[in-house]
Amino acid sequence: MSEFCMATHTAGELRSSDIGQDVVLCGWVWRRRDHGGLIFVDLRDRDGVTQLTFDPDNSGGEAFHTAEAIRPEWPIMVSGTVRARPEDTANPNLPTGEVEVLVHEVVVLNTSKTPPFQIEDGIDTAEDTRLRYRYLDLRRPEMQRNLKLRNDFTFAIRSALHGEDFLEVETPTLAKSTPEGARDFIVPSRIQPGNFYALPQSPQLLKQLLMVGGVERYYQVAKCFRDEDLRADRQPEFTQVDLEMSFVTQDQVMAMVEHVLKEAFSAVGVDFETPLRRIPYWEAMDTYGSDKPDTRYGMHLMDVSDIFKASRFKVFAGAANTEGERVKCINAKGAGAWPRAQIDKLEKVAKTLGAKGLAWIAFREDGSVNSPIVKFFSDDEMDALKARADVEPGDLVMFAACARKEADEILGGMRCHMADALGIEREGHDFLWVVDFPMFEQDKATGRYSAEHHPFTLPVEQDIQLIDSDPLAVGSYTYDFVMDGFEAGGGGLRIHNEELQLKVLERLGFTEEKAREQFGFLLEALSFGAPPMGGFALGLDRVCMLLVGADSIRDVMAFPKTSSGSDLMQGAPSQVSSAQLKDVSLRVD
């Protein structure tokens, strides 16, 4: 222990080599067992647990009397002597299980009410209760381990970046509103009535300006804010490890990120083999139905358009013969044995993914075929489908017949759903890059274009001429880091030319006047000799969630919000007084 502490040791570090040593420990009473003549107390701190023994013959009457009164979660300080546990009472499952501390003195530092839940791992307690008493939830060993892992992982990233001459630079939390797809959290200005700051969705533009400013290698463990609907892997405020580099190629940025991540994952005991695999965007979409694929299991998407070009099933024939559309399928092995009612429920899942319905064929284990569409297929079509999809008895083949990306996304969603429903194991961690994203995507309803990554991404040089004539054919210098089927980070090269940046913004529907109103500071900066630049941002919360095997990023954040954006512990968001509103020239309807 540090000299700056009341204790000489932690509750997790004593071993048989410490037998005979006098020690001072501080922590919380975890469990107390009164065996009549002896009292045993498990003392817990963030480092572990040590058994304390109170013996009226050896501890002294006062210490024993105090031990009779203490209760769980009371913080105490004890002094005593380390001794071996009797052989038949040693605990091999506990790092300190060979020893105990015979207590000579005990000081009660505070008392505690009975907690609303057990301070231990694996509790079956409503998450709202855990978040309401988060300060108690954090005492549980698994939460302490999660925070420790997050600390070690982040420290290793900082150390690796520092070793590569990156400068840690803080960017403002109060910034200009420049929406990047999600809603901004806005902050009214008291001294400029009617004007607002925004909390940053990311430091994207500011880190580019740091490159213009000659910083060359920047990083920041940045707090970011997005006012969007929440889910298990999202929060209104989150943390990303942000970096940017000048005078670099895409390969150089990716190699640097791999070097840093290798150091960070190694620090928490995870193998990270480099270089990572690279899967082009369209290969990922066409094979896995996702731009963040989990490649630890199969069930790949298959294009069967050629098989059904002359089919009597008009839905398939129409898609197979229409430019830009596809007939695709996946084979969920084992699901063909499901009852018809269970298979029918899959249509609801497909509809949540954007499908109008779900065509399927169940190949029963007895060799029969069950399907509402198979009557339209010729023997040749069935034989070709079986060969293409490697069909065996017990398989369920599901189809999508529509636009290429739409078919990919529907079947990609069904692939994930079926993997969960069939209990397919995903062993170890799966790391890869998805690269070469399209520059633009188009909204089918409005026809408007938006940026696939963000508007400041550098288009592939030979595709720049297509921005006006064929924007969907424009590629970009982009790369997403994928971990276990989640987008865990992303980056790209940036536009460093004012004219090209303006051209991209205009393609996205900005007039030059509107572009300069919203991004004028960036456009002007690019006119002052901006260097080639590229960067990356890692979703720290999400990566830590995957590392500890949690289902939600809330389990790796100290004080998260609920799915409705509430802080149950503090009672936020909350109303403010009329005087506070008046200060910032606001009135609530």
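Quick note: the coordinates plus some simple rules give every number you see, no bench work behind them. Note that the structure is predicted; figures quoted are calculated from it, not measured. Cβ sites come from the backbone with ideal geometry, for glycine too, and all protein chains shown count toward neighbours.
With contacts taken as Cα pairs under 8 Å at a separation of at least 6 residues, the range 297-425 carries a relative contact order of 35 percent. Protection proxy ranking, highest mean first, for peptides 149-159, 196-206: 196-206, 149-159, where packing is the per-residue count of other beta-carbon atoms within 10 Å, averaged.
Quote the relative contact order of the range 16-108 in percent (integer), defining contacts as alpha-carbon pairs under 8 Å separated by 6+ residues.
On the way: 202 pairs, mean separation 32.6, N = 93.
Computed over the range 16-108, the figure is 35 percent.
Under 5 Å from the amide H of VAL369 lie the amide H atoms of ARG364, each residue being 5 or more positions distant or on a separate chain, with H modelled from the backbone and absent for Pro and chain starts.
Per residue, the average separation of C-alpha pairs within less than 8 Å and at least 6 apart gives the chain a relative contact order of 13 percent.
Taking amide H as placed 1.01 Å from N in the peptide plane, the amide H of HIS454 sits under 5 Å from none that are at least 5 places away or on another chain.
Given +1 at the Cβ of Lys and Arg, -1 at the Cβ of Asp and Glu and no other charges, the dipole of the range 16-108 around its Cα centre is 300 debye to the nearest 20.
If each DSSP helix of 4+ residues adds -39,500 (n - 2.57) and the sum is divided by the residues in the chain, what number results at 222 nm, nearest 500 deg cm²/dmol?
Working: 16 runs with 164 residues, N = 589.
Computed mean residue ellipticity for the chain: -8000 deg cm²/dmol.
Work out the charge dipole of the range 288-372 with +1 on the Cβ of Lys and Arg and -1 on the Cβ of Asp and Glu about the Cα centre, then indicate which of LEU353, CYS329, HIS300 is farthest towards its positive end. Towards the positive end, the residue furthest out is LEU353.
Taken one residue at a time, the phi angles of the range 567-581 give Karplus couplings (6.51, -1.76, 1.60, θ = phi - 60°) of 9, 5, 6, 8, x, 10, x, 9, 6, 10, 6, 4, 5, 5, 5 Hz. Gly and Pro are set to x.
Each label point was placed 7 Å from the Cα along the Cα-to-Cβ direction; for GLU461 and ALA445 their separation is 4.1 nm. Amide H to amide H distances under 5 Å link GLY48 with ALA11, GLY12, where only residues 5 or more positions off or on other chains count and H is placed in the peptide plane. Relative to the longest principal axis of the C-alpha atoms of the chain, give the angle of the C-alpha long axis of helix 498-507, reported between 0 and 90° and rounded to the nearest 10°. Orientation of helix 498-507: about 70 degrees from the principal axis. Taking Cα atoms only, the orientation of helix 404-421 departs from the longest principal axis of the chain by about 30 degrees.
Quick one: grab the alpha carbon gyration tensor of the range 434-585, order the square roots of its eigenvalues as a ≥ b ≥ c, and give me rounded if a/c is under 1.5, else prolate or oblate depending on whether a/b is larger than b/c. Taking the square roots of the gyration eigenvalues as a ≥ b ≥ c, the range 434-585 is oblate. In terms of its C-alpha gyration tensor, the range 297-425 comes out oblate, because a/c is 1.5 or above while a/b does not outweigh b/c. Distance from the Cα centre of the range 36-105 to that of the range 535-589, in angstrom? When both Cα centres are located, 40 Å separates them.
Legend: Rg and Dmax of the range 16-108, from Cα coordinates, 11.9, 32 Å. Which of (i) 0.96; (ii) 1.05; (iii) 1.01 is the computed Rg/Rh (Cα atoms, Kirkwood Rh) for the structure on display? Read-out taken from this structure: (ii).
A Cβ-based charge dipole, computed about the Cα centre of the chain with Lys and Arg at +1 and Asp and Glu at -1, lands at about 1620 debye.
Which of the GluC sites (Glu not before Pro) across the range 186-288 are loop residues per DSSP, with 10 or fewer other Cβ within 10 Å? Working shown, then result.
Details: sites: GLU216, GLU228, GLU237, GLU244, GLU258, GLU263, GLU273, GLU283; in loops: GLU216, GLU228, GLU273.
Hits after loop and neighbour filter: GLU273.
Working from the Cα coordinates of the range 18-68, the gyration tensor eigenvalues give, after taking √(5λ), semi-axes of 19, 14, 9 Å in decreasing order.
About its Cα centre, what dipole magnitude does the range 297-425 give when the only charges are +1 on Lys and Arg Cβ and -1 on Asp and Glu Cβ, stated in debye to the nearest 20? Before the final figure, lay out each step's value.
Numbers: 18 positive and 20 negative charges, 99 e Å.
Dipole size: approximately 480 debye.
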